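Beneath this line is the structure, given in structure tokens, with notes to follow.
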Amino acid sequence: MKGLKLFLSMLILSILTFSAFAKTQVQKLVTEYLENPIGINVSKPRFSWQIISDGQNVKQSAYEIRVADSPQNLNKKSALIWTSGKVESDKSVNVEYGGSPLKSMERAFWQVRIWDNNNKVTDWSEPAFWEMGILESETWKANWIAFGNEIEKVGSKPSQFFRKEFQAKKKVKSARIYVTSLGLYQLYINGKKVSDDLFTPGWTTYNKRLQYQTYDVAAMLNEKNSIGAIVGDGWFRGSIAKNLCYGEKLALLLQLQLIYTDGSSETIITDKSWKVNTGAILESDIYNGEIYDARLEMKGWTNTGFDAGKWEDVSIIDHSKDILVAQRGVPVKAIEEINPVKLITTPKGEVVMDMGQNMIGWVRLKVKGEKGDRITLKFAEVLDKEGNFYMENLRAAKCTDTYILKGEGEEIWEPKFTFHGFRFVKLEGFIQTPKLDQITGVVIHSAMNPTGSFSCSDPMINQLQHNIQWGQKGNFLDVPTDCPQRDERLGWTGDAQVFAPTAAFNFDVAAFYTKWLKDLAADQLENGKVPDVIPDVRFGRGGSTAWADAALIVPWTMYLAYGDKRILEEQYASMKKWVEYMETKAGEDYLWTNDGHYGDWLAFASTSSSYTGATTEKDLIATAYFKYSSGLLSEIAKIIGNNEDAEKYADLSGKIKKAFVSEFVTPAGRLISPTQTAYSLALAFDLLPENLIPKAAKYLADDVKKMGHLTTGFVGTPLLCKTLSNQGYDDLAFMLLNRKEYPSWLYPITQGATTIWERWDGQKPDGTFQTVGMNSFNHYAYGAIGEWLYTHVAGIEIDEKHPGYKHFVLAPHPGGGLTNAEAEFESMFGKIKSAWKIDGGNFIYDVEIPANTTATVVLPDSKEPKELGSGKYSFTVKM
């Protein structure tokens with residue numbers, strides 16, 4: 001850019017540091033990242049709120065929180081459970097409740113007011129609440145009930161239907177159901193589904209941690225009532241739970257707590273009075289799909305007065321209640337619906353619907369026919385070179401739903417306990433050619449709030465951002481899976497680790513990752529080894545560097561994104577165990593060598609005789625992560641006040657660095673494994689002495705120039721563009737971003753991709769595919785480039801010294817031929833916006849900074865950073 005004449009214009013009034021006439025309010029109250037949660041088990045929950053103001057440079061100087069047992073009692077000082085009093089503090093995120101812990105099933109209401117930096121107090125916020133779940137195992141009075149005479153059958157077995165009728169003896173004041181299952185359940189009261197939650201109780205390490213859900217059902221109750229529950233295989237047993245690692249019997253546990261208006265109470269529990277049967281769901285398997293015979297439907301089975309005379313008595317089984325925990329993450333829900341865009345008849349004569357988007361979920365079927373007619377729906381991500389339906393990359397997963405008609409006019413059906421990753425649906429069994437409106441795509445995933453958006457002047461990069469976000473939606477289904485379609489769909493730690501920063505931009509993943517990290521710690525072996533997948537269904541197989549380092553990197557990312565110190569405290573023992581495990585593997589020379597690792601998974605391998613490929617030495621990667629995680633543990637120990645460990649692991653990290661340089665780096669700064677991944681690791685993880693950094697950076701840049709493309713795999717790809725930009729090679733980073741030929745981020749888009757692929761060349765230019773054994777077309781790991789789009793191109797950067805965006809940096813970087821870029825991010829404090837465009841020789845930059853935060857604005861080529869408070873600002877720089 002030429003010239004630094006800067007024109008700063010304020011969008012509100014003029015250049016003012018504070019508007020004394022600003023209207024300031026406190027809104028968006030959350031407890032433990034959730035809005036009005038019920039059934040939590042956190043004894044000291046944390047409160048967060050946003051400050052909404054039309055002024056500039058608005059800061060909180062003090063706050064006051066009050067807590068009571070009802071909204072009315074919040075106004076009565078003598079009735080308060082707890083009040084913070086006026087606290088001189090600017091903290092508005094994760095403020096800990098300081099009162100006595102609530103008891104099981106107890107609800108409390110809270111509200112907050114704040115004083116701004118002009119000592120002006122706001123009105124009290126609208127009340128919010130939280131409610132405790134069942135905190136002690138002895139409070140569970142319910143019994144585990146099961147189907148005693150389940151049929152013997154190989155593979156998926158029929159889902160089980162449980163029911164009970166009861167009478168509310170008096171007028172009901174409140175009613176809570178606490179429920180879980182071995183298997184997946186759906187719950188009904190008086191003919192209506194209790195919740196739109198799906199795949200409850202979620203996937204955890206079932207033999208160590210089993211979630212239960214809490215539902216407020218008071219509005220659903222009558223004098224006479226019926227409870228019904230369907231339980232299917234899910235993750236508990238079936239194809240995904242290999243070798244029945246969790247158990248063989250499905251079961252239900254339910255406790256309904258009634259409180260009457262006269263103050264008395266009653267508890268309805270699962271016990272021998274319940275009945276059980278099988279019904280229309282003949283099979284429900286995560287991998288293989290669902291078979292539903294509508295002729296076997298039991299009309300009215302969830303209503304009172306249903307004749308259950310032919311149903312069987314339940315069996316009581318012995319299963320621990322000590323492992324029960326309240327739900328910590330967000331539930332899975334049906335988030336949106338998609339209509340098919342095209343009906344295709346393939347060269348083979350197959351009838352196929354194109355949904356236009358690779359998605360996760362299922363289709364809702366609308367059909368008419370004769371009793372006993374069978375409709376088969378098969379799901380696939382792609383069509384082959386000839387345009388035929390292609391399922392080979394799904395491996396052993398059948399991905400097939402079957403519906404058998406009852407022959408009663410128009411029938412509408414969708415499955416309950418399976419999901420598919422697909423864009424194309426093959427339809428079989430239709431007498432006439434189906435119409436587009438006969439199926440509707442139902443997109444499901446964990447109900448995370450969207451928080452980030454990125455767009456720019458290049459439509460293909462916008463499609464890349466679209467693909468990244470859909471890859472996340474397609475793989476964040478209660479756990480961060482690698483892929484949603486083939487016979488895998490597991491919580492691979494390496495994928496989760498490299499993508500976590502991007503994930504935290506796109507969606508609010510605080511509660512999602514908090515839940516998953518609890519299972520990581522639970523599944524971690526005594527010697528510190530972290531399994532490859534969480535929950536662990538591979539019987540302890542793990543300990544691979546970069547994968548197992550998720551134990552540190554994911555909670556660290558949550559700390560940076562949300563300012564969450566508690567997650568560091570709660571996961572610290574797990575982090576330390578992993579670093580100690582690495583110490584035992586490395587030995588006295590501080591080098592981790594000769595061990596089994598995945599390495600730079602699926603890195604580019606050239607067929608050119610002049611290039612030996614991009615295989616980075618696994619010992620180098622292992623030692624690099626050993627150094628990085630040890631140093632990170634030191635930093636975390638310092639943050640949580642463990643100074644002894646901080647010093648210990650800082651020293652360890654330094655020794656590993658010296659060993660790394662001695663073993664893997666020449667005096668000229670060249671790495672003995674001279675790949676883009678190796679140089680990116682060495683530079684990003686601070687593994688080189690100061691004098692060798694420019695030399696190593698040049699070797700990296702030279703390799704990128706020589707190849708003209710990236711050569712990285714799962715480990716190197718998230719670091720490559722960041723490292724090039726940080727070392728002054730922004731032109732090369734943008735070149736990699738803009739490249740449309742294989743291998744690149746945009747190549748799959750030229751092939752019609754709507755999600756991120758597992759391989760750079762999952763589909764080759766000639767239309768053929770990579771090996772069927774490992775070729776997912778919805779695999780989010782390479783979408784980690786999204787972090788660079790947000791932080792570098794758009795310029796929204798976290799300040800590690802002030803995590804959670806309390807203070808952040810706005811430093812946009814135009815380049816790559818882009819004429820504009822814009823990102824918005826909904827932080828815990830409110831919306832951050834960074835939008836730039838090049839127009840008529842001017843660089844125009846608009847920003848938005850939420851109240852109670854500050855930002856440093858660094859304009860391109862400017863040596864004078866601007867320190868700004870909240871508000872909207874516009875800058876113009878002559879180019």
Helical segments meeting 15 Å axial Cα length and Kyte-Doolittle -0.5 threshold in the chain (DSSP H): 493-506, 510-523, 550-562, 618-639, 693-707
What accessible area per residue, rounded to a whole number of Å², is obtained for the chain using a probe radius of 1.4 Å? 38 Å²
Could you state the orientation-averaged shadow area of the convex hull built on the Cα atoms of region 303-457, in nm² to one decimal? 16.0 nm²
From the C-alpha gyration tensor of the chain, square roots of 5λ in Å: 44, 36, 28
The rounded separation in angstrom of the Cα centers of region 117-141 and region 153-221 is 25 Å
Between region 388-408 and region 497-555, what's the alpha-carbon centroid distance in Å? 32 Å
Compute log10 of I(q)/I(0) for region 76-210 with the Debye formula, placing one identical point scatterer on every Cα and leaving out solvent, at q = 0.11, 0.12, 0.18 Å⁻¹, to two decimals. -0.70, -0.79, -1.26
The number of Lys pairs in region 730-879 whose alpha carbons lie under 20 Å apart, excluding pairs fewer than 8 residues apart on one chain, is 15
State the percentage of accessible surface on region 290-374 attributable to carbon and sulfur atoms; use a 1.4 Å probe and exclude ligands, DNA and RNA. 44 percent
Report the charge-dipole magnitude of the chain in Debye, nearest 20, computed about the Cα centre from +1 at each Lys and Arg Cβ and -1 at each Asp and Glu Cβ. 1200 debye
At 1.4 Å probe size, with no ligands or nucleic acids counted, give the accessible surface of Ser273 in Å², nearest ten. 60 Å²
Using only DSSP helix segments of four residues or longer, with each worth -39500 (n - 2.57), what per-residue ellipticity at 222 nm results for the chain after dividing by its residue count and rounding to 500? -6500 deg cm²/dmol
Quote the relative contact order of region 101-213 in percent (integer), defining contacts as alpha-carbon pairs under 8 Å separated by 6+ residues. 17 percent
Lys86: which lysines have alpha carbons under 18 Å from its alpha carbon, excluding same-chain residues fewer than 8 sequence positions away? Lys59, Lys76, Lys77, Lys120
Can you work out ³J(HN,Hα) from phi for every residue in region 54-63, in order, using Karplus 6.51 cos²θ - 1.76 cosθ + 1.60 and θ = phi - 60°, giving whole Hz and x for Gly and Pro? 8, x, 10, 6, 8, 10, 8, 9, 7, 9
If the chain between Thr267 and Gln72 were fully stretched, how many nm would it gain, using 0.36 nm times the residue separation less the Cα-Cα distance? 67.4 nm
Once you keep just the Cα pairs under 8 angstrom separated by 6 or more residues, what percentage relative contact order results for the chain? 12 percent
For region 290-332, listing trypsin sites (Lys or Arg not before Pro) in a DSSP loop whose Cβ sees at most 16 other Cβ atoms within 10 Å gives Lys299, Lys310
Here the percent of antiparallel bridges among DSSP beta bridges lying wholly in the chain, to the nearest 5, is 95 percent
Express in nm, to one decimal, how much length is gained between Ile639 and Lys153 on full extension, taking 0.36 nm for each residue of separation and deducting their alpha carbon distance. 169.5 nm
Number of Lys pairs (Cα under 20 Å; 8 or more positions apart or on different chains) in region 459-614: 16
What is the ratio of the Cα radius of gyration of region 429-568 to 2.2 N^0.38 Å, with N the residue count, to two decimals? 1.24
Using a 1.4 angstrom probe and counting only protein chains, how large is the accessible area of Leu427 in Å², to 10? 10 Å²
Taking θ = phi - 60°, what integer Hz values does the Karplus form 6.51 cos²θ - 1.76 cosθ + 1.60 yield along region 322-337, in sequence order, with x for Gly and Pro? 5, 8, 6, 9, 5, 4, 10, x, 8, x, 7, 9, 6, 8, 7, 10
Relative contact order as a percentage, region 495-620, C-alpha pairs under 8 Å and 6+ apart, gives 21 percent
Sorting Thr856, Thr584 on solvent-accessible surface, 1.4 Å probe, most exposed first, gives Thr584, Thr856
Could you tell me the distance between the Cα centroids of region 763-811 and region 317-339, to the nearest Å? 28 Å
For the pair Lys371 and His319, the simple spin-label estimate (label points 7 Å beyond Cα toward Cβ) gives in nm 3.6 nm
I'd like the accessible area for Glu408, computed on protein heavy atoms only with a 1.4 Å probe and all protein chains in place. Round to 10 Å², please. 130 Å²
Considering only protein heavy atoms, with the full assembly of protein chains and a 1.4 angstrom probe, order Ser239, Ser446 by accessible area, largest first. Ser239, Ser446
Inter-label distance for Phe166 and Asp595, nm, one decimal - labels placed 7 Å from Cα along Cα-to-Cβ: 5.2 nm
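The values are calculated or read from the model by the stated rules, or taken from the named source; none is laboratory data. What you are looking at is a predicted structure, and each value in this text was computed from that prediction instead of being measured. Heads up, the Cβs are rebuilt from the backbone with ideal geometry, glycines too, and the neighbour counts pull from every protein chain shown. Note: areas computed on protein heavy atoms with side chains; ligands, DNA, RNA excluded. Shrake-Rupley method; radii C 1.70, N 1.55, O 1.52, S 1.80 Å.
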